[in-house]
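Accompanying notes for the structure given below.
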Ligand code: 1CP
C-alpha cells in the first residue's frame, strides 16, 4: 500500500475524507456518493436544460461548477466530485462522442488498430482545458472541510465505450478486438494510459485533493485478461500520476472484480478501493491489504426503498468496516429515480449514530 506524508498539505489534511485516505479512522465515516450530482436532483435538471447538451455542461466551467456544488449545498457531503464524464478522454483524443437523451453515450466506434491509429493527443489539452478551469474554480470555492475529487475512467473501461460505440450488454466488439489482435489493442490501451496520466495529472495541478479511477467494466473479463487489461494499465496510470504527484491519494473502483479485488488492490499501488454492492464485507476485511482504506458499499437501490431496510444496511456496513479507515459510499451510482429526501435520510442514518 502506498502511504503519504500528512505534511504534504496541512490545510487539506483537516478534511475528514483525506484523513481517512491517509490511513486514519474517522467517526462518523466521511460520506460522498457516486453520481451525487445528476438527474435525481431537480436543480441539476434545471442546469442541464439551461446548458443545452451534456458535453456543454461538462465543458462550461460556470455550469460544471454549479452542478458539482449542488449536492454539497443540499447535503453537506464530505467530498465533492468534479462534474465531468469518463468519455471526455476519447473526445479529447479526437473520437466523435455525443450523449443522446434516453440512449446514453454514442461514439463512432474504433474497431481495429487502423481506426485506433486515427486518434491522437494533438488536441487533448485544448479540448480538456475547460475541465481544469472548473477544477481551479472549485478548489477556490470549497470550504476547509470539503475535499475535491478528480477522476477518470480506467483504460479498459474507456476502451469498452470506444470500441463498442456506447453502452453494451455483451462486450463482444471490444473482446473481439482485444482477443483477436492483442498487439493492436495494446496500442489503444497505451494511448489511453498516456491520456489518463495526463488528464489526472492536470486535475492534480489544478487543485483536486484526491483522484478516483472508475473501472466500471472490470467484471467482464476472465482472470488472465483481467491481469493484462485491468491490473497492468491501472498500475501504469498510478505510477505515471505518482511520478508527477507522489503524494496524491488515488482510489480505484474495479466494479464486478469479485475475487480479483485483493490482487487488484495489491498490484496497482492504489491508496484505497471502492467496493461494489456484491462484495461481502467480512471477506473484504479479511482479504484486502491490512490498513488499506475502503469506500462503500450500500446498494443504491436502498435509496429507492428507504426506511428501516436502508437504516439496517447502513448499520451493517459501518459495523463491518469498524476496524479499517472507511469512507461511506454506495456500491454504484445514485439512480435517477431516487427521491432526494431519501438521500437526506441516508446521511441522517449515518450521522445520528455519533
Ligand atoms: O444529464 C445526463 O444525461 C445525466 C447522465 C450522466 C451524468 C450525471 C452521464 C452520462 N454522466 C454523468 C456525470 C458523471 N459520470 C460523473 C460526475 C457526477 C457525479 O458523480 O456526481 C461521473 C464521476 C461519471 C462517471 C462515468 N460516466 C462512469 C463511471 C461510473 C459508473 O457509473 O460506473 C461511466 C461508466 C460513465 C459513462 C456514462 N456517462 C453517462 C452515461 C449514461 C454513461 C453510460 C453508463 C452505462 O454504461 O450504463
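For the reader, a short list of remarks on this structure follows.
- The chain - Debye-derived log10 I(q)/I(0), Cα point model, q = 0.07, 0.09, 0.10, 0.12 Å⁻¹: -0.27, -0.45, -0.57, -0.85
- Taking every DSSP bridge with both residues inside the stretch 29-274, close to 25 percent are antiparallel.
- In range of the label at residue 224: residues from the stretch 150-189 whose backbone nitrogen is under 15 Å from the point 7 Å along Cα→Cβ: 178-183
- Computed helical MRE - 222 nm, the chain, DSSP H runs ≥ 4 contributing -39500 (n - 2.57), nearest 500: -14000 deg cm²/dmol
- Largest-first ellipsoid semi-axes for the stretch 44-98, taking √(5λ) over the Cα gyration tensor eigenvalues, angstrom: 23, 14, 7
- Sorted peptide list for 256-266, 13-23, criterion being average Cβ within 10 angstrom, highest first: 13-23, 256-266
- Among 254, 340, 293: highest mean-square fluctuation, GNM of the chain, C-alpha pairs under 10 Å: 340
- Which of 151, 328 has the fewest Cβ neighbours within 10 Å, and the rest in rising order: 151, 328
- Under the criterion of Cα pairs below 8 Å and six or more residues apart, the relative contact order for the stretch 122-248 equals 37 percent.
- Helix 155-164 and the longest principal axis of the C-alpha atoms of the chain enclose an angle of approximately 60°.
- Degrees separating the helix 42-51 axis from the principal Cα axis of the chain, which is the longest one: 30
- Most fluctuating residue given options 311, 154, 195, as computed from a GNM of the chain linking Cα atoms under 10 Å: 311
- Selected from 225, 145, 215 as most flexible by GNM, with the chain as the system and alpha-carbon contacts under 10 Å: 225
The numbers here are math on the coordinates, done by the rules we state, and not lab data. Only a predicted model underlies this, so the values are computations on that prediction, with no experimental measurement involved. Glycine also receives a Cβ, built like all others from the backbone with ideal geometry; neighbour counts cover every protein chain displayed.
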